[in-house]
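Trainee: Here you go, one structure.
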Amino acid sequence: MPAEVSIITTIYNGEKWLNQYFESVYTQTYHGLLELSIYNDGSTDNSKSIIESWTTKLKTRDINLILFGHTGLPRGVGHGKNVAVRQSSGKYLCFLDADDEMNECRIEKQLQAAKSFPNTIVGCRFHRLPADSTRRYTQWANNLSHKQLYTQAYTSHGPTVVMPTWFCRRAIFDNVGGFDEGGKGVPEDLIFFYNHLEIGGELYRLDADLMMYRYHTDATTFSVDRKTIWMLRIEFLEKQVLSHWREFTIWNAGKQGRRFFRSLSTENQKKVCMFCDVDTRKINKGSYIYENSQEIPKPRVPIFHFTQAKTPIIICVKLDLTDGVFEENLKSLKLIEGVDYFHFN
């Protein structure tokens, strides 16, 4: 009989965390049909032996372990997740990284939410170990409103529903077509996330801390190409937002704002009616000229004080870095996020 829930995991040299990982699976309060589908992506440590040592104990909880792997070079997280999903049988998929741990009621609570919202990637709040290792990121992800799960999907933080917390129906994986298998350096989670949204997929985050999301320098996050992420964000913003605007303002006449302008398509560069800022030195320059442009004449964009900004606005200023000054400036304009402005920071 097919499982109701399949836990999906890719492992590469995870021996130092695997016993805690398995313990968090074993102690789940969920008592339905559960299977654990693992792809061992060429581990060279003791991971395989540890996995096999848990087989008997898992059976005492009627948890079926499916293990597939190889001994060659790692093929990447996207490939591993695809294999682990396709070898599993569950109607629902619970993603769990080998270096993370679940709260004992994670599956029970997220399954209930996934049943209520069938076209939805369901996430949850989380905490980091070591504590406060990514304070700003954790605070941002855990406190987004439901609306902001969509409106802040273009920021540098990545998916607004954080990948290690994903839980969804198998049909969502099938509709997207699985994860990108480009290997090291490819943000397979962000690509899947954007594809899901582009075909009308929905998002939901439980306001309960159900995950320990471990921070360490061996995490695959650190191998992702930042330039690739930047261009994916630009392309998705152009499709989903800028294509519907006749003109817009860029908030930040500094390095990030100018880089954002240069990254846009020529069509969208022509829609930029101004930059805005608080820095009088930048404002007094009067305009930004894109000297390396192939356009003739070269694009020249005026720079104004933020109080003169014309909506809609793309904001290229990072949050929570100015002791609240930027946030107060934005609040003073009485604008609506997702209508008058979007964050790209």
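Trainee: Could you tell me how many of the residues in the range 274-307 are in contact with a Pro (Cβ under 8 Å, 6 or more places away or on another chain) and surrounded by fewer than 18 Cβ atoms within 10 Å (Cβ to Cβ)?
Mentor: 5
Trainee: Something else now. Quick one: which of E108, E104 is out of contact with any Pro (no Cβ under 7 Å at 6 or more places or on another chain), in a loop (DSSP other than H, G, I, E, B) and either in contact (Cβ under 8 Å) with a residue 60 or more places away in the chain or not assigned by TED's automatic domain parsing to the domain that holds G14 (or both)?
Mentor: Values: E108 fails: in a loop (DSSP other than H, G, I, E, B).
Every option except E104 fails the conditions.
Trainee: Still on this structure: Do we have any residue at all in the range 305-326 that's over 12 Å from W251 (Cα atoms), in a strand (DSSP E or B) and either within 30 Å of the chain's Cα centre (by Cα) or in contact (Cβ under 8 Å) with a residue 40 or more places away in the chain (or both)?
Mentor: No, every residue in the range 305-326 fails to be over 12 Å from W251 (Cα atoms), in a strand (DSSP E or B) and either within 30 Å of the chain's Cα centre (by Cα) or in contact (Cβ under 8 Å) with a residue 40 or more places away in the chain (or both).
Trainee: Within the range 302-344, which residues are charged (D, E, K, R) and within 12 Å of F275 (Cα to Cα)?
Mentor: K310
Trainee: Continuing with the same structure: Please work out which one of (1) at pLDDT 95 or above; (2) on the phi < 0 side of the Ramachandran plot is the condition N252 fails and give its number.
Mentor: Going through the list (1) at pLDDT 95 or above; (2) on the phi < 0 side of the Ramachandran plot, N252 breaks only (2).
Trainee: Here's a follow-up. Within the range 68-100, can you find the residues that are closer than 12 Å to I7 by Cα and assigned to a strand (DSSP E or B)?
Mentor: Across the range 68-100, the qualifying residues are Y92, L93, C94, F95.
Trainee: Further, regarding this structure: Taking L335 as the residue in question, decide whether it is without any contact (Cβ under 8 Å) to a residue 40 or more places away in the chain and either crowded, with 20+ Cβ neighbours inside 10 Å or of a type in the set (A, V, I, L, M) (or both).
Mentor: When the stated conditions are applied, L335 passes them.
Trainee: While we're on this one: For the range 268-303, enumerate the residues that are under 24 Å from F236 (Cα atoms) and outside any loop (DSSP other than H, G, I, E, B).
Mentor: Once the filter is applied, which keeps residues that are under 24 Å from F236 (Cα atoms) and outside any loop (DSSP other than H, G, I, E, B), the range 268-303 yields N268, Q269, V272, C273, M274, F275, C276, V301.
Trainee: Taking the range 168-199 as the region of interest, how many residues are within 15 Å of T228 (Cβ to Cβ) and part of a loop (DSSP other than H, G, I, E, B)?
Mentor: Total meeting the criteria: 9.
Trainee: Going by the conditions given, is Q28 out of contact with any Ser or Thr (no Cβ under 6 Å at 6 or more places or on another chain), assigned to a helix (DSSP H, G or I), under 20 Å from P164 (Cβ atoms) and not aliphatic (A, V, I, L, M)?
Mentor: Here the answer is no, as Q28 does not meet what is asked.
Trainee: I need the full set of residues from the range 214-229 which are modelled with pLDDT of 90 or more and either of a type in the set (S, T, Y) or within 13 Å of the chain's Cα centre (by Cα) (or both), in order please.
Mentor: Y215, T228, I229
Trainee: Considering only residues of the range 111-145 that are without any contact (Cβ under 8 Å) to a residue 40 or more places away in the chain and basic (K, R), which is farthest from H343 (Cα to Cα)?
Mentor: K115
Trainee: Let me ask something else. From the residues in the range 38-67 that are part of a strand (DSSP E or B) and closer than 21 Å to M212 by Cβ, which one is modelled with the highest pLDDT?
Mentor: I38
Trainee: A follow-up question, please. So for the range 261-269 (the condition being outside the structural domain of F193 (by TED's automatic domain parsing), without any contact (Cβ under 8 Å) to a residue 24 or more places away in the chain and not basic (K, R)), does at least one residue qualify? Before you say what the answer is, go through the steps one by one.
Mentor: At the first step, the residues of the range 261-269 found to be outside the structural domain of F193 (by TED's automatic domain parsing) are 261-269.
Filter once more, so that each one left must be without any contact (Cβ under 8 Å) to a residue 24 or more places away in the chain: 267.
From the residues that got through so far, the ones that are not basic (K, R) too are 267.
Within the range 261-269, one or more residues are outside the structural domain of F193 (by TED's automatic domain parsing), without any contact (Cβ under 8 Å) to a residue 24 or more places away in the chain and not basic (K, R).
Trainee: Could you tell me how many of the residues in the range 239-267 are closer than 30 Å to V325 by Cβ and not in a strand (DSSP E or B)?
Mentor: Looking only at that region, the number is 18.
The values are calculated or read from the model by the stated rules, or taken from the named source; none is laboratory data. Because the structure is predicted, anything quoted here is derived from the model rather than measured. Neighbour counts are summed over all protein chains in view; Cβ atoms, including those assigned to glycine, are modelled from backbone coordinates with ideal geometry.
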